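Following: one structure in structure tokens, then a few remarks.
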Amino acid sequence: DLVKESYKRIKEVDDQVHAFLTLDEENAIAKAKELDASDVKGSLFGIPSGIKDNIMTKGLRTTCASQFLDNFNDPLYDATVVQKLNKEQTVKVGKLNMDEFAMGSSNENSSYNPTRNPWNTDYVPGGSSGGSAAAVAAGEVLFSLGSDTGGSIRQPAAFCGVVGMKPTYGRVSRFGLVAFASSLDQIGPITRTVEDNARVLEVIAGHDAMDSTSANVDVPKYTDALTNDVSGLKIAVPKEYLAEGVSPQVRESVLEALKVYESMGATWEEVSLPHSKYAVATYYLLSSSEASANLARFDGVRYGVRSENADNMIDMFKNSRSEGFGPEVKRRIMLGTFALSSGYYDAYYKKAQKVRTLIKNDFDKIFEDYDVIIGPTTPTPAFKVGEKTDDPLTMYANDILTIPVNLAGVPGISIPCGMTEEGLPLGLQIIGKYFDESTVYRTAHAFE
Ligand code: GLN
């Protein structure tokens, strides 16, 4: 029944929201019937879910919202996270829209019809996991998976008023996630409540021999952490996270949230993340460098669409890439190739790696004295469709508060934290120590 409800809702609203790229109704209904008849019940038994379209699903079209993979209808295997969800008997209803290859902050880089914000369809849902956040916010699925390289789970969760977790780097296997920037990418859940989020992460987390960067660290029962007890919790609030550029209503909502924490017995102090001002530049150098290498596999031979307009091999590579990738993906590949090229490597890539270490050290230092860091998820609420498309740099700056977390590799969640007068949601970001998602969930749940 839940699965049928999910398709019913999709038919009602997805014409306007455009959260889904591919639906799998026949198989999903058959799977739900099969589950109905089974005696064993997994922890996500019969729950309808959606999967971001850069996560491989066996036999189910996986496009990364790129024309290059428009015909990639029959992936040969499931990502580890999908295998784990299957084992707990969730039902995947379809694949979710995104910015092409996860590059973007608004969904406007999708090469299909971009997703809209369900609260007001004149606004963007955020990105790149905009489809994943919008589908949950619009009630089309009970949870979704997204991926977060520089904010792509937390920022759309904030814009759509839902809960989005980027786990510690290495917590969740990346096997079967189409790589954007391998040293930053993490898969995580998007849900309506913190409790649901903890339940899904419990299922998808854990060591995987198929991903050499997956960490062999025990996965606690995150739902046990939801005690509502935050007395004595020490909160750090980076002054850079409430500084100029952060809109007054966003700042107000965070200060109000801090009052709530105080009333529950937590304390907060202002701290500094002095190198966070370099985070956006560092991120775009490193992530584009990694992307330029990762996307080299798209050559028109092994995957996806091959150009028809070539009569030799080199032209075939060239034309397939020119025709297959959209403008933002090309921009990143060019930037990354330049930063890695001989003569420039030391000045850009190597320098950026050093700054990354400084950013990580800033976090380590704060976590010597505090349990969590709290600030806004984004400097502003959702912006209008089209508002930033002509200016990639303003679009990049929107990730200023989420990117440092990926560079350091620590976990971060975005939870709803009030609304603007125009009826757009705001997000509160809670950042934790390495592999301490439990404290992040406990802090988030107490606020709900
Ligand atoms: N918006 C950022 C970018 O464009 C982050 C994307 C992401 O986290 N996948 O790179």
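The values are calculated or read from the model by the stated rules, or taken from the named source; none is laboratory data. Computed from a predicted model, the values in this text were never measured in an experiment. Reconstructed Cβ throughout: ideal geometry from the backbone, glycine too, with neighbour counts over all protein chains shown. Accessible surface is based on the protein model in full, side chains and every heavy atom, while ligands, DNA and RNA are left aside. Shrake-Rupley method; radii C 1.70, N 1.55, O 1.52, S 1.80 Å.
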- Message: Looking at SER132, SER105 in this structure, which one is within 13 Å of the ligand (Cβ to nearest atom), open to solvent by less than 40 Å² (accessible area, probe 1.4 Å) and in contact with an Asp or Glu (Cβ under 7 Å, 6 or more places away or on another chain)?
- Response: SER105
- Test ARG174 against the criterion of being among the basic types (Lys, Arg), more than 26 Å from LYS384 (Cβ to Cβ) and out of contact with any Gly (no Cβ under 8 Å at 6 or more places or on another chain), and give yes or no. yes
- So which of ASP74, ASP78 ends up being within 25 Å of GLY130 (Cβ to Cβ), among the acidic types (Asp, Glu), open to solvent by 20 Å² or more (accessible area, probe 1.4 Å) and assigned to a loop (DSSP other than H, G, I, E, B)? ASP78
- Item | Lone qualifier among TYR169, TYR241 - being away from the ligand (no atom under 15 Å from the Cβ) and either surrounded by 19 or more Cβ atoms within 10 Å (Cβ to Cβ) or outside any loop (DSSP other than H, G, I, E, B) (or both) | TYR241
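Modelled with pLDDT of 95 or more and more than 16 Å from the ligand (Cβ to nearest atom): is that true of GLU140 in this structure?
So GLU140 fits the description; yes.
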- Query: Of the residues that make up segment 28-41, is at least one under 26 Å from HIS207 (Cβ atoms), open to solvent by less than 30 Å² (accessible area, probe 1.4 Å) and touching a residue at least 40 places away in the same chain (Cβ under 8 Å)?
  - Reply: no
- Say whether the condition of being within 22 Å of THR63 (Cα to Cα), at pLDDT 95 or above, surrounded by 24 or more Cβ atoms within 10 Å (Cβ to Cβ) and small (Gly, Ala, Ser) is met by at least one residue in segment 199-211. no
- Message: Checking the structure you have, find out if any residue of segment 42-58 is open to solvent by less than 20 Å² (accessible area, probe 1.4 Å) and assigned to a helix (DSSP H, G or I).
- Response: no
- Item | Residue that is nearest to the ligand (Cβ to nearest atom), among those in segment 151-166 that are more than 8 Å from the chain's Cα centre (by Cα) and part of a loop (DSSP other than H, G, I, E, B) | VAL162
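Are there any helices (runs of 4 or more DSSP H) wholly within segment 346-448 with 1 or more residues that are surrounded by fewer than 20 Cβ atoms within 10 Å (Cβ to Cβ) and more than 16 Å from the ligand (Cβ to nearest atom), and if so which?
Qualifying helices (runs of 4 or more DSSP H): 351-369, 437-447.
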- Query: Taking the condition surrounded by 19 or more Cβ atoms within 10 Å (Cβ to Cβ), within 29 Å of TYR396 (Cβ to Cβ) and away from the ligand (no atom under 16 Å from the Cβ), does ILE187 pass?
  - Reply: no
- Item | Qualifying residue in segment 246-254 (condition: over 23 Å from the mean Cα position of the chain (by Cα), at pLDDT 95 or above and among the small types (Gly, Ala, Ser)) | no
